[in-house]
Structure formats: C-alpha cells, structure tokens
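Q: Just passing along the structure, written as structure tokens.
The values are calculated or read from the model by the stated rules, or taken from the named source; none is laboratory data. Quantities reported herein were computed from a predicted structural model and do not represent experimental measurements. Cβ placement follows ideal geometry from the backbone for every residue including glycine, while neighbour counts extend to all protein chains displayed.
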Amino acid sequence: MSTQPLPLTTTSRCLSVKETAARLGVSPHTVYTLVREGDLPAFRVRNQWRVTELTLADYMQAENPSPSLP
C-alpha cells in the first residue's frame, strides 16, 4: 500500500473509500485494489483508508490525459 506524506502547506479534503469510488465511478472494492497495488496513493486514519482530493485529481489526470494540441 502506498503512503506518501503530504507537504505541510497542502490543504486538501480527505475522501473516504466510498467517496473516492463515487468520484471515479467504480466500486469501493476497486478503490481498495488501486490502493493495494500502489496505483492510487492513500493513507490510513485508524482503520480506514483516505485519499486526498489533490491525489485523486492527479490520479484522474494521469489516467485521462488531455489530448495534445496540434
């Protein structure tokens, strides 16, 4: 599982697995798989995984890059 510390100056809302799944349009199980495989950086708060909005935006951008202009 990937755990990456965030810079102290970064303020980003933390999303639950359920919220993350809803934004990605996938099941919570898929989010757990993405985290376990290291594709989606996340961190634990007690026994729950959290994904920051910033991390999710970066992930979504990397998965769906904008077409380059000619």
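The rows are residues; the columns are (1) modelled with pLDDT of 95 or more; (2) surrounded by 13 or more Cβ atoms within 10 Å (Cβ to Cβ); (3) out of contact with any Ser or Thr (no Cβ under 6 Å at 6 or more places or on another chain); (4) among the small types (Gly, Ala, Ser).
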| position | (1), (2), (3), (4) |
| --- | --- |
| 5 | no, no, yes, no |
| 10 | no, no, yes, no |
| 18 | yes, no, yes, no |
| 41 | yes, yes, no, no |
| 45 | no, no, yes, no |
| 63 | no, no, yes, no |
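Q: Further question: Could you say which residue among 51, 35, 31 is assigned to a strand (DSSP E or B) and free of Cβ contacts under 8 Å to residues at least 40 places away in the same chain? Lay out the reasoning, then the answer.
A: Values: 35 fails: assigned to a strand (DSSP E or B); 31 fails: assigned to a strand (DSSP E or B).
After ruling out the rest, the residue left standing is 51.
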